[in-house]
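Heads up, the thing below is written out as structure tokens.
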Amino acid sequence: MIQRFGVSIDATLLKKFDEYIERKGYITRSEAIRDLIRDALINESFEIENAEVFGTITVIYDHEVRGITEKITHLQHRYVKEIRAAVHVHVDEKNCLEVVIVHGKAKTIKEISDKLMSLRGVKNVKFQITRVEP
Ligand code: NI
């Protein structure tokens, strides 16, 4: 069921919002607001430790750093229940990119991401979560 509600908003903020909507290519404000609400709820579920989420962890690392490949593999085996897939791309002679697709409790997923981030040789970690609902 679709419900309508009114929003009181400062004119300047609304102008900025309309510009944002245009840049993003939305046709209507409603569509943009719906997406923003969904995003906010998904991000909040990340704070609820027991929420079940899907996520991707993108890691850039220097494979020449001693032991790094083994450590990453070891970590993935340790979280075998949560890690559903991994894609590896060799970026250049030194650097590798790995995208890990994870599924499980937000708390555990965050743990995996933090552990990857703390490994020596890991240069960058981007972590994103999503949910089927809402
Ligand atoms: Ni590689």
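May I ask you to verify whether Ile112 is under 13 Å from Thr56 (Cα atoms), in contact with a Gly (Cβ under 8 Å, 6 or more places away or on another chain) and either in a strand (DSSP E or B) or assigned by TED's automatic domain parsing to the domain that holds Ile68 (or both)? If you could, list the steps in order and put the result at the bottom.
Working: under 13 Å from Thr56 (Cα atoms): yes; in contact with a Gly (Cβ under 8 Å, 6 or more places away or on another chain): no; either in a strand (DSSP E or B) or assigned by TED's automatic domain parsing to the domain that holds Ile68 (or both): yes.
No; evaluated as a whole, the condition is false for this residue.
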Could you tell me whether region 21-29 includes any residue that is among the small types (Gly, Ala, Ser), within 23 Å of the chain's Cα centre (by Cα) and closer than 18 Å to Thr130 by Cα? no
Residues satisfying the stated conditions in region 118-131, i.e. hydrophobic (A, V, I, L, M, F, W, C) and over 14 Å from the mean Cα position of the chain (by Cα): Leu119, Val122
Give all pairs with beta carbons closer than 8 Å in which a residue from region 15-39 that is over 23 Å from Gln3 (Cβ atoms) meets a residue that is assigned to a helix (DSSP H, G or I); count only pairs at least 6 apart in sequence or on separate chains. Tyr20/Ala32; Lys24/Ala32
Tell me, yes or no, whether region 89-105 has at least one residue that is modelled with pLDDT under 95, under 30 Å from Asp39 (Cα atoms) and of a type in the set (A, V, I, L, M, F, W, C). no
Can you pull out the residues in region 57-107 that are β-branched (Val, Ile, Thr), touching a residue at least 24 places away in the same chain (Cβ under 8 Å), surrounded by fewer than 18 Cβ atoms within 10 Å (Cβ to Cβ) and more than 14 Å from the ligand (Cβ to nearest atom)? Ile101
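The values are calculated or read from the model by the stated rules, or taken from the named source; none is laboratory data. Computed from a prediction, not measured in an experiment: that's the story for all the values here. Methodologically, a virtual Cβ is constructed for each residue, glycine included, from the backbone with ideal geometry; neighbour enumeration extends over all protein chains shown.
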